[in-house]
Amino acid sequence: MAEINLRAVSVEFPVYNGRNLKQRVLQMATGGSITKDHRQKIIVQALQDINLHIQHGDRVGLIGHNGSGKSTLLRVLARIYEPTHGDLLIDGHISPMLDLMHGIEAEFSGYDNIVIRGILLGLTRREINQRIQEIAEFTGLGDYLDMPVRTYSAGMKVRLAFAVSASITPEILLIDEVFAAGDANFIQKAREKMESLLKESSIVVLASHSNELIKEFCNKAILLDQGSLKYFGDTQTALELYYQRK
C-alpha cells in the first residue's frame, strides 16, 4: 500500500541578488519566510521542518494563504524539488497533476502532444498507444488533433492537456487547482473524471482555494503558514483554524 513520510523536511532557496526581491520571490512561487545567513545572502525558507505521515486511504487537502508553501510541498512530493534538510520517503508511484501545460509543444499536433506528455507522465509507448483513442475521444477535439497546437484556443489546449493527465492509473495522486482549469462546457466532464481518479487512488493530496472542494473530497487536511506545518488532521478543524488566522 502507498505511504508518504516526511521527517524534518525543509526547503530553502538562496537569492543571490537582493534587488527586486519581492518580484523574484513571487516569480519563484514558493512562499515561506525570508531570512539572511551569516554572509548576508538572502534565503527563502519555503518549507520549515515538516513532519508528516500520509497513508493508504488518506485524501489530504492543503490549506493556507498564497505563499504558505502548498505548491512547494506538492513539488517536493512530486520530487521536482529536493529537500534541503530532512528525509522524504515515498512508497508508491507518484502521478502529479500540477502543471497541465507542461510538455505541450505548440508546433506539434495534438496527437504528437498526447505521446510527448504521456511519456513525461511516465507512460510507456505501448501504454500510450493503447489509450490514445480514448484520450482523443475525451478531448472532443476531433480533426483538430491533426493540427498544430498553436492553432488551438486556450480552452482547447486545456482539454488536450487534461485528457492526457487524466489517462494515468493513479497510486499517489497530487493535484494543484486542476478543477479550476478549462472552459465551462468541459468542467463537468473533467470533474466526473477527477472523481473517478480520486476513488481509484491509494493517496490523494489536493491543493485548492475552494474550501467546498476540500470538504467534499478530503478526509484530512494540512494547514500551512509561511512554510510551517500548523495542523494535520480532521478537515473541519483545519478549516476552522484557517479561518481564525485570516
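The numbers here are math on the coordinates, done by the rules we state, and not lab data. What you see is a predicted model, and the numbers here were worked out from it, not measured in a lab. FYI the Cβ positions are ideal-geometry reconstructions off the backbone, even for glycines, and counts take in every protein chain you see.
Could you put Ile90, Ile172 in order, starting from the residue whose Cβ has the fewest other Cβ atoms within 10 Å?
Ascending Cβ contact count within 10 Å gives the list Ile90, Ile172.
Based on DSSP H runs of at least 4 residues, each adding -39500 (n - 2.57), what is the mean residue ellipticity at 222 nm of the chain after dividing by all its residues, to the nearest 500 deg cm²/dmol? Can you show the working numbers first?
On the way: 8 runs with 89 residues, N = 246.
When only DSSP H runs of four or more count, the value is -11000 deg cm²/dmol.
Can you list which of the DSSP-assigned H helices in the chain have a Cα extent of 27 Å or more along the long axis and an average Kyte-Doolittle score of at least 0.0?
Qualifying helices, which must be both long enough and hydrophobic enough, do not occur.
Excluding residues fewer than 8 places away in the same chain, name every one of the aspartates and glutamates whose C-alpha is closer than 19 Å to that of Lys220.
Glu3, Asp58, Glu171, Asp176, Glu177, Glu195, Glu200, Glu212, Asp234, Glu240
Where the Cα atoms of the stretch 46-116 are projected onto their three principal axes, how long is each span, largest first, in whole Å?
The Cα atoms of the stretch 46-116 stretch 44, 28, 23 Å along the principal axes, largest first.
For each pair in Lys189/Lys230; Lys157/Lys230; Lys70/Lys189; Lys193/Lys215, compute the distance between the two Cα atoms and list the pairs where it is over 30 Å.
From the list (Lys189/Lys230; Lys157/Lys230; Lys70/Lys189; Lys193/Lys215), the Cα-Cα distance tops 30 Å for Lys189/Lys230; Lys157/Lys230.
Provide Ile54, Ile42 in ascending order of the number of other Cβ atoms located within 10 Å of each residue's Cβ, fewest first.
So the ranking, lowest neighbour count to highest, is Ile42, Ile54.
Going by average Cβ neighbours within 10 Å, how do the peptides 55-64, 186-195 rank, with the highest at the top? Present the calculation step by step, with values, prior to reporting the outcome.
Numbers: 55-64: 20.6, 186-195: 15.2.
Order by mean packing, descending: 55-64, 186-195.
Which residue fluctuates most in the GNM of the chain (Cα springs below 10 Å): Ser210, Ser201, Ser228?
With Cα springs under 10 Å in the chain, the top fluctuation among Ser210, Ser201, Ser228 is at Ser210.
Under a Cβ-only charge scheme (Lys and Arg +1, Asp and Glu -1), can you give me the dipole magnitude of the chain about the Cα centre, in debye to the nearest 20?
In debye, rounded to 20, the chain gives about 860.
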